[in-house]
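Take a look at the structure below.
Each reported figure results from applying straightforward, stated rules to the coordinates on display, with no laboratory input. Please read these numbers as outputs of a predicted model, since none were measured by experiment. Here the Cβ positions follow ideal geometry from the backbone for every residue, glycine too, while neighbour counts run over all protein chains shown.
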């Protein structure tokens, strides 16, 4: 299994050798280090913990310094779940680099979507809103009735206005179009969740 951390940069276009154009997302890869291996017997699940990015050692807590040891000081720490221990041969201290990926790989990318703040039901849940007929005044984007007859309360799970975005999103079956190892950039066909600078987890099985 191939894994790496990266930051979303921007979207652009790339042309294939046959002349076809593809809309791609550029991801700046962050070379990392495996800082821990989770085992089923000890931790209850199987995963690899990968750290990447530089951080001032003075800003690390004592727990972080003890955990990283002589591996360095890192800004980001994320875990990659594995189906079994046979999915990888990596161990603590091994490097995680972009060179393991190649054009044509199918990857899944996990990131945090853009936060949109407090939104109404029309934007958040695609409600149609009220009728625009005669007699309607300020109900074009109202949710309408939220109660059920006779129970005198609002049912749990009722779709209403509220905070939208900032969710963990995983896009699957994305194709790697180009790997620029010189600049450490991975070009993936399609859109990737999040704004520019969002940390993403990239996995190819």
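Comparing Cα centroids, the stretch 1-60 and the stretch 86-118 end up 4 angstrom apart.
Cβ crowding within 10 Å, taken as a proxy for footprinting-reagent exposure, orders 54, 17, 171, 108 from fewest neighbours to most as 17, 54, 108, 171. Taking 0.36 nm per residue of sequence separation and removing the Cα-Cα distance, the residue 139/residue 175 pair yields an extension gain of 8.5 nm. Build a GNM of the chain with springs between Cα atoms under 10 Å apart, and of 84, 139, 22 the one that fluctuates most is 139. Assign one of three labels to the stretch 1-90, namely rounded, prolate or oblate, based on the Cα gyration tensor with a ≥ b ≥ c the square roots of its eigenvalues; rounded applies when a/c is under 1.5, prolate when it is not and a/b is larger than b/c, and oblate otherwise. Taking the square roots of the gyration eigenvalues as a ≥ b ≥ c, the stretch 1-90 is oblate.
Protection proxy ranking of 38-51, 176-189, 114-127, by the mean of other Cβ atoms within 10 Å over each peptide's residues and highest first, is 176-189, 38-51, 114-127. A Gaussian network model of the chain, with springs between Cα atoms under 10 Å, assigns the largest mean-square fluctuation among 156, 58, 83 to 156. Estimated purely from DSSP H runs of n ≥ 4, each contributing -39500 (n - 2.57), the mean residue ellipticity at 222 nm for the chain is -1500 deg cm²/dmol once divided by its residues. For the stretch 48-119, just say rounded, prolate or oblate: build the C-alpha gyration tensor, square-root its eigenvalues into a ≥ b ≥ c, call rounded for a/c under 1.5, and beyond that prolate if a/b exceeds b/c, oblate if not. Note, shape of the stretch 48-119 comes out oblate. Taking a ≥ b ≥ c as the square roots of the Cα gyration tensor eigenvalues, the stretch 120-165 comes out oblate, since a/c reaches at least 1.5 and a/b does not exceed b/c.
Residues considered: 35, 106, 12. Largest GNM mean-square fluctuation over the chain, using C-alpha springs under 10 Å, is found at 12.
The length gained by stretching the chain between residue 204 and residue 95 to full extension, at 0.36 nm per residue less their Cα-Cα distance, is 37.6 nm. The length gained by stretching the chain between residue 17 and residue 154 to full extension, at 0.36 nm per residue less their Cα-Cα distance, is 43.5 nm. Centre-to-centre separation between the Cα atoms of the stretch 63-81 and those of the stretch 127-205: 32 Å.
With neighbour counts taken as other beta-carbon atoms within 10 Å, the residues 5, 30, 71, 155 rank, fewest first, as 155, 71, 30, 5.
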